[in-house]
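Down below is the structure, laid out as C-alpha cells.
Each value in this text was obtained by applying a stated rule to the coordinates, not by laboratory testing. Please read all numbers here as calculations on a predicted model, not as lab measurements. Glycine also receives a Cβ, built like all others from the backbone with ideal geometry; neighbour counts cover every protein chain displayed.
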C-alpha cells in the first residue's frame, strides 16, 4: 500500500517535470511559429500583402478577416529598420512582434492622430549612436528600442465595406520597410 | 523484477500525464477569464506572456492581438453549455463592453471561415442594427435570416470570435462583463 503510494507520488512528480519541460521546450523546437509561417510567404525588408481570409483560406491564424494586412520581417544586424506608410481613414494598427511572435510595440489610428506612420526600429547600440548625432531627416521619427535582433511588423487596416477595399489596398501598398543607414 | 516493472509503469504514466496535460494546456487558450459563454484570450505581450501562451503561439503560428491593441473573446458553447453546431441557428444578443470597434466572426473549430455568397466574413459594431436601447441581436445561421445575420458553416462545430479593439477592458478582463448572451435558435 505504502509502496504503491510512493510510486504514485513519484509518477505525479515526474509528470509535473515532463509537463514543464514540454511547455518550455515548445517555442524552441517549433517548426511552424509565426516567424517561419511569415518566412514562407514573405521575404525580408519589404512589406508583403497577405491574401484576405476567405472561405477555405486563412493566410495566417489569428488575424481578423475584417482587416487586410501586410507583413514585413526585419533584422537589425546591418542597421536600424525604418517603416513608413500612409494611413487610412478608419481603423488601422501597426504592431511589432519579436522573433517568437510575441507582441512588443504597436500604434493605432487614434494614437497616431492620422499622421503617416514613420518609425525607426533600432537596437540599444544603434539608439545610442542615433542619440549622439540625430540626422535632421529623422527629427519626427518615432524610435523603437528593440531588445532582440529580429522581428516582424504587421500593418493591418479595417475594411468596413467591400466597396472600400481597393482604396484600402492602395494605402497598404504604400507601406515600406527598409534598412536605414546610421549617421 | 517487481521494482523494474513498477519503475517502467510509473515512467509510462508520468510521461502520458505530463505530455497529455501539456498538450491540453497548449492546444487552446485555457487560462483566460470566463465571462458567460465567452473566454477571454489573455492579452499577450513579450514582457508578460505566460509559458502556455508562448508555447501556443509557437505551435499554431498565430498572430495574436497585442496587449495594447484590444482583447479577443472566443466561444464554442452557448450560455446553456451546449456546443455550437452549424446545424442550428445561434442568437448572439445583448451588449458588449466599451470598445472603439468590435468585430464578430464565425469559424469552424480549425479557424476556417464559412462559405459566403456576398463575401461577408464578419459583422462589425458599425454596421449592425440596434434597438433603441443600444442592444442588438445577431443571428448566426447557415441560411438567410432577416436582421443582423452572420453566415455560418451549415454543419459541424462552430467557434465565435469577438474582437474588441481599443477597449479599456484590455487591462483587466474581469472589469465590466457586459458580454452578449449566446442562445440556441431553430435547428434544421
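Below, the figures for the structure above:
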read-out: Overall form of region A:97-183 per C-alpha gyration tensor (a/c, 1.5; a/b vs b/c); value: prolate
read-out: Acute angle (nearest 10 degrees) that the helix B:2-27 long axis makes with the longest principal axis of chain B, alpha-carbon atoms; value: 20 degrees
read-out: Taking chain B and dividing mean pair separation by its residue count, relative contact order in percent (alpha carbons under 8 Å, at least six apart); value: 28 percent
read-out: Prolate/oblate/rounded label for region B:68-157 (Cα gyration tensor, a/c 1.5); value: rounded
read-out: Extension gain from residue B:98 to residue B:125, taking 0.36 nm per residue of separation minus the Cα-Cα distance; value: 8.6 nm
read-out: Euclidean distance of C-alpha centroids, region A:94-165 and region B:9-45, integer Å; value: 33 Å
read-out: Crossing angle, helix A:2-29 versus chain A [Cα axis fit, 0-90 degrees, rounded to tens]; value: 20 degrees
read-out: Burial order of peptide ranges A:19-26, B:151-158, A:38-45 (average beta-carbon count within 10 Å, highest first); value: B:151-158, A:19-26, A:38-45
read-out: Burial ordering of A:131, B:112, fewest other beta-carbon atoms within 10 Å first; value: A:131, B:112
read-out: Normalised contact order of region A:34-179, rounded percent, pairs of Cα under 8 Å and 6 or more residues apart; value: 35 percent
read-out: Inter-chain Cβ neighbour average for residues A:155-162, partner chain, 10 Å; value: 3
read-out: Residue mean of other protein chain beta carbons inside 10 Å, A:26-37; value: 5
read-out: Tensor-based shape of the protein assembly as shown (alpha-carbon gyration tensor, a/c under 1.5 rounded, otherwise prolate or oblate); value: oblate
